[in-house]
Amino acid sequence: MSEEHPYLSIVIPLVNENDSLRPLSEELESVLTTLGRSYEIIFVDDGSTDASFATLQRLHASDPEHIRVIRFRRNFGKTAALSAAFKRARGEVVMTMDADLQDDPHEIPKLLAKLEEGYDMVAAWRERRQDPTSKTIPSRIANTVVTLVAGVKLHDVNCGFKAYRAEVVRELKLYGDLHRFIPILAVWQGFTIAEVPVAHRPRRFGHSKYGWHRFIRSFFDFLVVLFLTRYLRRPLQLFGTLGAISFFVGLVLGVYLAYLRLFGPGIGWRPALFADVMAIVVGVQLSAIGLLGEMGRNFSYRSEDEYSIRTEL
Ligand code: UDP
Ligand code: MG
(Lines give C-alpha, C1' and ligand atoms only; values in the text may rest on other atoms or scores of the structure.)
(Ligands and ions follow the chains in the order given, each with its own letter.)
Protein backbone atom coordinates (compact mmCIF):
# COMPACT_ATOMS: atom_id res chain seq x y z
CA MET A 1 0.00 0.00 0.00
CA SER A 2 1.35 3.38 -0.91
CA GLU A 3 -0.80 5.16 1.65
CA GLU A 4 -1.27 4.08 5.24
CA HIS A 5 -4.89 5.14 5.33
CA PRO A 6 -6.79 5.13 2.08
CA TYR A 7 -10.08 6.97 1.93
CA LEU A 8 -12.03 3.89 1.00
CA SER A 9 -11.86 0.16 1.78
CA ILE A 10 -14.09 -2.06 -0.31
CA VAL A 11 -14.79 -5.41 1.32
CA ILE A 12 -15.91 -8.31 -0.85
CA PRO A 13 -16.73 -11.68 0.73
CA LEU A 14 -16.95 -14.57 -1.69
CA VAL A 15 -17.15 -18.29 -2.03
CA ASN A 16 -16.83 -20.00 -5.42
CA GLU A 17 -17.31 -16.90 -7.55
CA ASN A 18 -14.37 -17.46 -9.88
CA ASP A 19 -16.04 -16.30 -13.10
CA SER A 20 -17.21 -13.02 -11.58
CA LEU A 21 -13.95 -11.92 -9.99
CA ARG A 22 -12.11 -10.56 -13.00
CA PRO A 23 -15.02 -8.60 -14.52
CA LEU A 24 -15.84 -7.30 -11.03
CA SER A 25 -12.35 -6.03 -10.37
CA GLU A 26 -12.18 -4.43 -13.81
CA GLU A 27 -15.46 -2.60 -13.25
CA LEU A 28 -14.35 -1.55 -9.79
CA GLU A 29 -11.07 -0.24 -11.07
CA SER A 30 -12.71 1.93 -13.71
CA VAL A 31 -15.23 3.37 -11.22
CA LEU A 32 -12.68 3.94 -8.48
CA THR A 33 -10.17 5.57 -10.81
CA THR A 34 -12.73 8.16 -11.91
CA LEU A 35 -13.64 8.72 -8.26
CA GLY A 36 -10.12 9.97 -7.72
CA ARG A 37 -9.80 8.97 -4.05
CA SER A 38 -7.33 6.52 -2.56
CA TYR A 39 -8.75 3.07 -2.04
CA GLU A 40 -8.08 -0.58 -1.25
CA ILE A 41 -10.14 -3.63 -2.17
CA ILE A 42 -10.17 -6.52 0.30
CA PHE A 43 -11.37 -9.82 -1.10
CA VAL A 44 -12.17 -12.47 1.48
CA ASP A 45 -12.12 -15.97 0.04
CA ASP A 46 -14.47 -17.80 2.38
CA GLY A 47 -13.24 -21.33 1.65
CA SER A 48 -13.75 -21.52 -2.12
CA THR A 49 -13.22 -24.90 -3.74
CA ASP A 50 -13.07 -23.56 -7.32
CA ALA A 51 -10.28 -21.48 -8.83
CA SER A 52 -11.34 -18.28 -7.03
CA PHE A 53 -8.19 -18.05 -4.94
CA ALA A 54 -5.86 -18.56 -7.91
CA THR A 55 -7.69 -15.73 -9.69
CA LEU A 56 -7.40 -13.51 -6.62
CA GLN A 57 -3.68 -14.23 -6.43
CA ARG A 58 -3.32 -13.05 -10.02
CA LEU A 59 -5.40 -9.94 -9.38
CA HIS A 60 -3.27 -9.13 -6.34
CA ALA A 61 -0.06 -9.68 -8.32
CA SER A 62 -1.24 -7.33 -11.07
CA ASP A 63 -2.24 -4.57 -8.62
CA PRO A 64 -0.69 -5.14 -5.17
CA GLU A 65 -1.19 -1.43 -4.38
CA HIS A 66 -4.93 -1.77 -4.25
CA ILE A 67 -5.92 -5.41 -4.02
CA ARG A 68 -5.64 -7.34 -0.78
CA VAL A 69 -6.73 -10.92 -0.31
CA ILE A 70 -7.65 -12.89 2.80
CA ARG A 71 -8.16 -16.61 2.40
CA PHE A 72 -10.00 -18.66 5.02
CA ARG A 73 -9.01 -22.26 5.70
CA ARG A 74 -12.59 -23.36 5.14
CA ASN A 75 -16.03 -21.85 4.68
CA PHE A 76 -16.80 -19.86 7.83
CA GLY A 77 -19.75 -17.90 6.43
CA LYS A 78 -20.33 -14.38 5.20
CA THR A 79 -20.49 -12.88 8.70
CA ALA A 80 -17.02 -14.23 9.56
CA ALA A 81 -15.66 -13.05 6.22
CA LEU A 82 -16.96 -9.53 6.85
CA SER A 83 -15.55 -9.43 10.41
CA ALA A 84 -12.10 -10.51 9.24
CA ALA A 85 -12.04 -7.76 6.61
CA PHE A 86 -13.51 -5.13 8.96
CA LYS A 87 -10.70 -5.80 11.39
CA ARG A 88 -8.11 -5.22 8.67
CA ALA A 89 -9.71 -2.42 6.68
CA ARG A 90 -7.64 0.78 6.79
CA GLY A 91 -10.04 3.16 5.05
CA GLU A 92 -11.94 6.03 6.65
CA VAL A 93 -14.95 4.68 4.83
CA VAL A 94 -15.65 0.96 4.50
CA MET A 95 -17.98 -0.42 1.86
CA THR A 96 -19.20 -3.97 1.44
CA MET A 97 -20.52 -5.57 -1.71
CA ASP A 98 -21.23 -9.06 -3.02
CA ALA A 99 -18.82 -10.68 -5.45
CA ASP A 100 -21.44 -12.01 -7.85
CA LEU A 101 -21.77 -8.80 -9.95
CA GLN A 102 -25.32 -8.28 -8.71
CA ASP A 103 -24.29 -5.07 -6.96
CA ASP A 104 -23.32 -2.47 -9.58
CA PRO A 105 -19.99 -0.74 -8.85
CA HIS A 106 -21.30 2.33 -10.70
CA GLU A 107 -23.56 2.97 -7.71
CA ILE A 108 -20.59 3.38 -5.36
CA PRO A 109 -20.37 7.20 -5.80
CA LYS A 110 -24.08 7.49 -4.96
CA LEU A 111 -23.62 5.66 -1.65
CA LEU A 112 -20.53 7.69 -0.81
CA ALA A 113 -22.29 10.97 -1.60
CA LYS A 114 -25.08 10.05 0.81
CA LEU A 115 -22.56 9.13 3.49
CA GLU A 116 -20.86 12.50 3.00
CA GLU A 117 -24.15 14.17 3.90
CA GLY A 118 -23.26 13.16 7.45
CA TYR A 119 -24.71 9.72 8.00
CA ASP A 120 -22.75 7.01 9.81
CA MET A 121 -23.91 4.36 7.39
CA VAL A 122 -25.76 4.09 4.10
CA ALA A 123 -27.65 1.01 2.94
CA ALA A 124 -28.41 0.27 -0.68
CA TRP A 125 -32.01 -0.55 -1.49
CA ARG A 126 -32.42 -2.99 -4.36
CA GLU A 127 -35.63 -1.34 -5.51
CA ARG A 128 -36.05 -3.67 -8.49
CA ARG A 129 -34.39 -6.76 -7.20
CA GLN A 130 -33.24 -9.18 -9.90
CA ASP A 131 -33.71 -12.44 -8.03
CA PRO A 132 -36.26 -15.27 -8.31
CA THR A 133 -39.59 -14.56 -6.58
CA SER A 134 -38.94 -17.53 -4.28
CA LYS A 135 -36.38 -15.21 -2.74
CA THR A 136 -37.83 -11.74 -3.19
CA ILE A 137 -41.26 -12.42 -1.67
CA PRO A 138 -40.06 -14.00 1.59
CA SER A 139 -37.43 -11.28 1.75
CA ARG A 140 -40.06 -8.58 1.45
CA ILE A 141 -42.10 -10.13 4.27
CA ALA A 142 -38.98 -10.49 6.42
CA ASN A 143 -38.04 -6.85 5.78
CA THR A 144 -41.48 -5.63 6.78
CA VAL A 145 -41.55 -7.66 9.99
CA VAL A 146 -37.98 -6.89 10.98
CA THR A 147 -38.18 -3.14 10.38
CA LEU A 148 -41.55 -2.92 12.12
CA VAL A 149 -40.49 -4.86 15.20
CA ALA A 150 -37.06 -3.27 15.42
CA GLY A 151 -38.33 0.21 14.60
CA VAL A 152 -35.73 0.90 11.90
CA LYS A 153 -37.07 2.47 8.69
CA LEU A 154 -35.44 0.57 5.81
CA HIS A 155 -36.63 -1.26 2.71
CA ASP A 156 -33.74 -3.66 2.33
CA VAL A 157 -32.08 -4.61 5.61
CA ASN A 158 -30.07 -7.56 4.33
CA CYS A 159 -28.61 -6.04 1.16
CA GLY A 160 -24.87 -6.76 0.97
CA PHE A 161 -24.12 -3.35 -0.56
CA LYS A 162 -23.45 -0.79 2.14
CA ALA A 163 -21.15 2.06 3.12
CA TYR A 164 -19.97 2.80 6.65
CA ARG A 165 -17.77 5.20 8.50
CA ALA A 166 -14.94 3.06 9.83
CA GLU A 167 -15.97 3.49 13.47
CA VAL A 168 -19.26 1.71 12.76
CA VAL A 169 -17.65 -1.52 11.55
CA ARG A 170 -15.13 -1.33 14.35
CA GLU A 171 -17.87 -1.38 16.96
CA LEU A 172 -20.01 -4.14 15.44
CA LYS A 173 -19.79 -7.53 17.09
CA LEU A 174 -20.61 -9.97 14.35
CA TYR A 175 -20.97 -13.71 14.70
CA GLY A 176 -23.35 -16.44 13.56
CA ASP A 177 -25.34 -14.95 10.68
CA LEU A 178 -25.75 -11.53 12.24
CA HIS A 179 -24.51 -9.76 9.09
CA ARG A 180 -28.14 -9.76 7.93
CA PHE A 181 -29.08 -7.45 10.78
CA ILE A 182 -26.18 -5.00 10.78
CA PRO A 183 -28.47 -1.96 10.32
CA ILE A 184 -30.50 -2.93 13.39
CA LEU A 185 -27.38 -3.49 15.50
CA ALA A 186 -25.83 -0.22 14.28
CA VAL A 187 -28.93 1.89 14.88
CA TRP A 188 -29.27 0.45 18.34
CA GLN A 189 -25.68 1.46 18.99
CA GLY A 190 -26.71 5.03 18.16
CA PHE A 191 -25.38 5.28 14.61
CA THR A 192 -27.40 7.15 11.99
CA ILE A 193 -28.46 5.44 8.79
CA ALA A 194 -29.83 6.41 5.39
CA GLU A 195 -30.77 4.40 2.34
CA VAL A 196 -30.46 5.01 -1.38
CA PRO A 197 -32.17 3.05 -4.16
CA VAL A 198 -29.70 1.30 -6.45
CA ALA A 199 -29.79 -0.73 -9.63
CA HIS A 200 -29.55 -4.48 -9.13
CA ARG A 201 -28.46 -7.04 -11.67
CA PRO A 202 -29.28 -10.72 -12.12
CA ARG A 203 -26.63 -13.25 -11.23
CA ARG A 204 -24.51 -13.93 -14.31
CA PHE A 205 -22.23 -16.73 -13.12
CA GLY A 206 -22.47 -19.44 -10.50
CA HIS A 207 -25.45 -19.79 -8.19
CA SER A 208 -26.79 -18.37 -4.92
CA LYS A 209 -25.03 -19.67 -1.83
CA TYR A 210 -28.17 -19.64 0.27
CA GLY A 211 -31.21 -21.91 0.01
CA TRP A 212 -34.62 -21.78 1.66
CA HIS A 213 -33.15 -22.71 5.05
CA ARG A 214 -31.85 -19.17 5.27
CA PHE A 215 -35.32 -18.14 6.39
CA ILE A 216 -35.34 -20.47 9.37
CA ARG A 217 -31.87 -19.41 10.43
CA SER A 218 -32.74 -15.78 9.94
CA PHE A 219 -35.78 -16.16 12.17
CA PHE A 220 -33.65 -17.35 15.08
CA ASP A 221 -31.00 -14.75 14.36
CA PHE A 222 -33.70 -12.11 14.53
CA LEU A 223 -34.75 -13.38 17.96
CA VAL A 224 -31.10 -13.11 18.99
CA VAL A 225 -30.93 -9.55 17.68
CA LEU A 226 -34.09 -8.56 19.53
CA PHE A 227 -32.82 -10.13 22.71
CA LEU A 228 -29.35 -8.63 22.38
CA THR A 229 -30.54 -5.14 21.56
CA ARG A 230 -33.16 -5.02 24.28
CA TYR A 231 -32.14 -7.24 27.15
CA LEU A 232 -28.45 -8.17 26.87
CA ARG A 233 -27.63 -5.63 29.53
CA ARG A 234 -30.50 -6.50 31.84
CA PRO A 235 -31.57 -10.13 31.50
CA LEU A 236 -33.54 -10.14 34.74
CA GLN A 237 -35.86 -7.45 33.39
CA LEU A 238 -37.04 -9.85 30.69
CA PHE A 239 -36.97 -13.17 32.51
CA GLY A 240 -38.02 -11.66 35.82
CA THR A 241 -41.05 -10.01 34.23
CA LEU A 242 -42.15 -13.17 32.41
CA GLY A 243 -41.49 -15.20 35.56
CA ALA A 244 -43.46 -12.81 37.73
CA ILE A 245 -46.44 -12.92 35.34
CA SER A 246 -46.43 -16.73 35.35
CA PHE A 247 -46.01 -16.86 39.11
CA PHE A 248 -48.83 -14.37 39.65
CA VAL A 249 -51.21 -16.38 37.43
CA GLY A 250 -50.26 -19.48 39.44
CA LEU A 251 -50.83 -17.66 42.70
CA VAL A 252 -54.31 -16.40 41.78
CA LEU A 253 -55.31 -19.79 40.43
CA GLY A 254 -53.91 -21.42 43.58
CA VAL A 255 -55.96 -19.20 45.87
CA TYR A 256 -59.08 -20.01 43.87
CA LEU A 257 -58.35 -23.76 44.01
CA ALA A 258 -57.61 -23.58 47.74
CA TYR A 259 -60.99 -21.91 48.25
CA LEU A 260 -62.71 -24.69 46.27
CA ARG A 261 -60.85 -27.36 48.23
CA LEU A 262 -61.87 -25.86 51.59
CA PHE A 263 -65.51 -25.20 50.82
CA GLY A 264 -66.40 -27.62 48.04
CA PRO A 265 -65.56 -30.93 46.44
CA GLY A 266 -61.96 -32.17 45.89
CA ILE A 267 -59.74 -30.59 43.25
CA GLY A 268 -57.28 -33.45 42.60
CA TRP A 269 -58.84 -34.26 39.23
CA ARG A 270 -58.95 -30.72 37.90
CA PRO A 271 -56.81 -29.69 34.94
CA ALA A 272 -56.62 -26.28 36.62
CA LEU A 273 -54.53 -27.84 39.39
CA PHE A 274 -51.90 -28.95 36.90
CA ALA A 275 -51.96 -25.59 35.17
CA ASP A 276 -51.47 -23.95 38.54
CA VAL A 277 -48.46 -26.08 39.44
CA MET A 278 -46.96 -25.48 36.01
CA ALA A 279 -47.44 -21.72 36.21
CA ILE A 280 -45.70 -21.51 39.58
CA VAL A 281 -42.81 -23.79 38.59
CA VAL A 282 -42.31 -21.95 35.26
CA GLY A 283 -42.47 -18.62 37.07
CA VAL A 284 -39.72 -19.62 39.50
CA GLN A 285 -37.62 -21.12 36.67
CA LEU A 286 -37.81 -18.00 34.52
CA SER A 287 -36.82 -15.76 37.40
CA ALA A 288 -33.91 -18.06 38.22
CA ILE A 289 -32.76 -17.93 34.55
CA GLY A 290 -32.89 -14.15 34.75
CA LEU A 291 -30.73 -14.18 37.90
CA LEU A 292 -28.24 -16.55 36.24
CA GLY A 293 -28.15 -14.15 33.26
CA GLU A 294 -27.33 -11.31 35.65
CA MET A 295 -24.46 -13.35 37.10
CA GLY A 296 -23.00 -13.93 33.61
CA ARG A 297 -23.54 -10.27 32.83
CA ASN A 298 -21.71 -9.19 35.98
CA PHE A 299 -18.74 -11.49 35.45
CA SER A 300 -18.31 -10.53 31.80
CA TYR A 301 -18.65 -6.78 32.41
CA ARG A 302 -16.39 -4.54 30.34
CA SER A 303 -16.99 -0.85 30.69
CA GLU A 304 -16.23 -0.07 27.01
CA ASP A 305 -19.12 -2.29 25.97
CA GLU A 306 -21.63 -0.19 27.84
CA TYR A 307 -21.80 2.80 25.52
CA SER A 308 -20.73 4.22 22.17
CA ILE A 309 -18.97 7.60 22.17
CA ARG A 310 -19.60 9.99 19.28
CA THR A 311 -17.16 12.78 20.16
CA GLU A 312 -14.72 13.51 22.90
CA LEU A 313 -13.05 16.89 23.19
N1 UDP B 1 -20.79 -15.68 0.50
C2 UDP B 1 -19.68 -15.90 1.34
N3 UDP B 1 -19.75 -16.96 2.23
C4 UDP B 1 -20.83 -17.79 2.31
C5 UDP B 1 -21.94 -17.53 1.46
C6 UDP B 1 -21.87 -16.47 0.57
O7 UDP B 1 -18.70 -15.16 1.31
O8 UDP B 1 -20.80 -18.72 3.10
C9 UDP B 1 -20.72 -14.55 -0.45
C10 UDP B 1 -21.07 -14.92 -1.90
O11 UDP B 1 -19.96 -15.46 -2.59
C12 UDP B 1 -21.50 -13.58 -2.46
C13 UDP B 1 -22.20 -12.94 -1.26
O14 UDP B 1 -21.71 -13.61 -0.10
O15 UDP B 1 -20.38 -12.78 -2.82
C16 UDP B 1 -23.72 -13.06 -1.36
O17 UDP B 1 -24.09 -14.41 -1.57
P18 UDP B 1 -25.18 -14.85 -2.64
O19 UDP B 1 -25.06 -14.04 -3.87
O20 UDP B 1 -25.08 -16.32 -2.77
O21 UDP B 1 -26.52 -14.47 -1.86
P22 UDP B 1 -27.87 -13.92 -2.51
O23 UDP B 1 -27.49 -12.78 -3.44
O24 UDP B 1 -28.44 -15.09 -3.22
O25 UDP B 1 -28.65 -13.46 -1.32
MG1 MG C 1 -26.25 -12.64 -4.97
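About the Cα centre of the chain, how large is the charge dipole given +1 on each Lys and Arg Cβ and -1 on each Asp and Glu Cβ? Please answer in debye to the nearest 20. The calculation lands at about 1200 debye.
Report the convex hull volume per residue for region 164-313, counting only C-alpha atoms, in Å³. Could you put the intermediate results ahead of the total?
Details: hull volume 30.8 nm³, N = 150.
In region 164-313, the Cα convex hull volume per residue is 205 Å³.
In the context of the full set of protein chains, the chain has a per residue accessible area of 55 Å² (1.4 Å probe).
Inter-label distance, R261 to R230: 3.6 nm, where each label sits 7 Å from its Cα along the C-beta direction.
Kirkwood Rh over alpha-carbon pairs of region 144-224, then Stokes-Einstein at 20 °C and 1.002 mPa s: what D in µm² s⁻¹, rounded to an integer? In µm²/s, the coefficient rounds to 151. Of the three principal axes defined by the Cα atoms of region 5-111, the extents in descending order read 35, 26, 25 Å. For the chain, the fraction of alpha-carbon pairs lying more than 37 Å apart is 30 percent, rounded to a whole number.
Run the accessible area of the chain with a 1.4 Å probe and give the carbon-and-sulfur part as a rounded percent.
Its accessible area is 61 percent carbon and sulfur atoms.
Run the paramagnetic zone check for N75: 7 angstrom along Cα to Cβ, then residues of region 192-228 with backbone nitrogen under 20 Å. Within reach of a label on N75, which here means backbone N under 20 Å from a point 7 Å along Cα→Cβ, region 192-228 contributes 203-221. Most tightly packed first, judged by the mean number of other beta-carbon atoms within 10 Å of their residues, the peptides 222-228, 207-213, 291-297 read 222-228, 291-297, 207-213. With contacts taken as Cα pairs under 8 Å at a separation of at least 6 residues, the chain carries a relative contact order of 17 percent.
The values are calculated or read from the model by the stated rules, or taken from the named source; none is laboratory data. Note that this is a predicted model, so its numbers are computed, not measured. When we count neighbours, we look across all protein chains shown, and the Cβ atoms used for this are built from the backbone with ideal geometry, even at glycine. In case anyone asks, the SASA skips ligands and DNA or RNA and just uses the protein heavy atoms, side chains included. Shrake-Rupley method; radii C 1.70, N 1.55, O 1.52, S 1.80 Å.
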